[in-house]
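The values are calculated or read from the model by the stated rules, or taken from the named source; none is laboratory data. This is a predicted model, so every value here is computed, not measured. Here Cβ is always computed from backbone atoms with ideal geometry, including for glycine, and neighbour counts include all displayed protein chains. Each accessible area value is taken on the protein alone, full model and side chains, heavy atoms only, with ligands, DNA and RNA left out. Shrake-Rupley method; radii C 1.70, N 1.55, O 1.52, S 1.80 Å.
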Amino acid sequence: QKEVEQNSGPLSVPEGAIASLNCTYSDRGSQSFFWYRQYSGKSPELIMSIYSNGDKEDGRFTAQLNKASQYVSLLIRDSQPSDSATYLCAVKTRGNQFYFGTGTSLTVIP
Amino acid sequence: KAGVTQTPRYLIKTRGQQVTLSCSPISGHRSVSWYQQTPGQGLQFLFEYFSETQRNKGNFPGRFSGRQFSNSRSEMNVSTLELGDSALYLCASSSAISRVYEQYFGPGTRLTVT
């Protein structure tokens, strides 16, 4: 079983719609959770971090964490073509090890 | 604040050679982590250095090694290169003083082994 699992996609949404990205993790003791965006040929860019159950909002992005279900999600409201990228979910364990999912490819169609 | 820098950006080596990659973290950040990214395996953790000490290590062979200097700059070395070492090598820096432990990535070094 992988430490972090994401649907690889591709996920396509029309411009202006809500994109929903999901991630599950296996280590129940994991402490911190992150979403990164990676454009083709570029390095990952941190979008959101969350470590408490519930929602955290930053502009058009909302991260949701449910530790009981070991589930993290990222919602992108009013999706724009510039949001087209691969989104990586990352988890930090108690031992300060980071595990990344393989990423979900998102395409926003104008 | 300047971001994470990595040198060189691109590198071509032949099998059996060795290579050294360099990473300068964000000013004030004491933690540097290294990752290997390949299309098949995704982002895989190599090791983390904090205050010149290796704090964590991923599941990579001993050919992969690193070190960190007193100014927090870090180097990664790969000896006896294999074709499978072709990848994007990323370093990430963190202040490592907050509970959230956010990591910021450099632009990466694209290594091609022929």
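Of the residues examined, B:Gly28 is not one that is more than 22 Å from A:Lys42 (Cα to Cα), touching a residue at least 24 places away in the same chain (Cβ under 8 Å), in a strand (DSSP E or B) and more than 14 Å from chain A (Cβ to nearest Cβ).
Listed conditions (1) more than 14 Å from every other protein chain (Cβ to nearest Cβ); (2) touching a Ser or Thr at 6+ places or on another chain (Cβ under 8 Å) are all met by B:Arg55, apart from (1). Could you list, in sequence order, all residues of region B:72-96 that are open to solvent by 30 Å² or more (accessible area, probe 1.4 Å) and either modelled with pLDDT of 95 or more or outside any loop (DSSP other than H, G, I, E, B) (or both)? Across region B:72-96, the qualifying residues are B:Arg73, B:Glu75, B:Asn77, B:Ser79, B:Thr80, B:Glu82, B:Leu83, B:Gly84, B:Ser86. Within region A:24-45, the residues that satisfy the criterion of being without any contact (Cβ under 8 Å) to a residue 60 or more places away in the chain, open to solvent by less than 50 Å² (accessible area, probe 1.4 Å), closer than 24 Å to B:Arg9 by Cα and over 10 Å from the mean Cα position of the chain (by Cα) are A:Ser43, A:Pro44. Taking first residues from region A:82-94 that are away from chain B (no Cβ under 14 Å) and partners that are crowded, with 24+ Cβ neighbours inside 10 Å and not in a strand (DSSP E or B), no Cβ contact under 8 Å between residues at least 6 apart in sequence or on separate chains turns up.
The residues of region A:92-104 that are open to solvent by less than 40 Å² (accessible area, probe 1.4 Å) and either closer than 20 Å to A:Leu11 by Cβ or touching a Cys at 6+ places or on another chain (Cβ under 8 Å) (or both), listed by number, are A:Phe100, A:Gly101, A:Gly103, A:Thr104.
For the condition over 23 Å from B:Gly3 (Cβ atoms) and within 11 Å of another protein chain (Cβ to nearest Cβ), A:Gly54 does not qualify.
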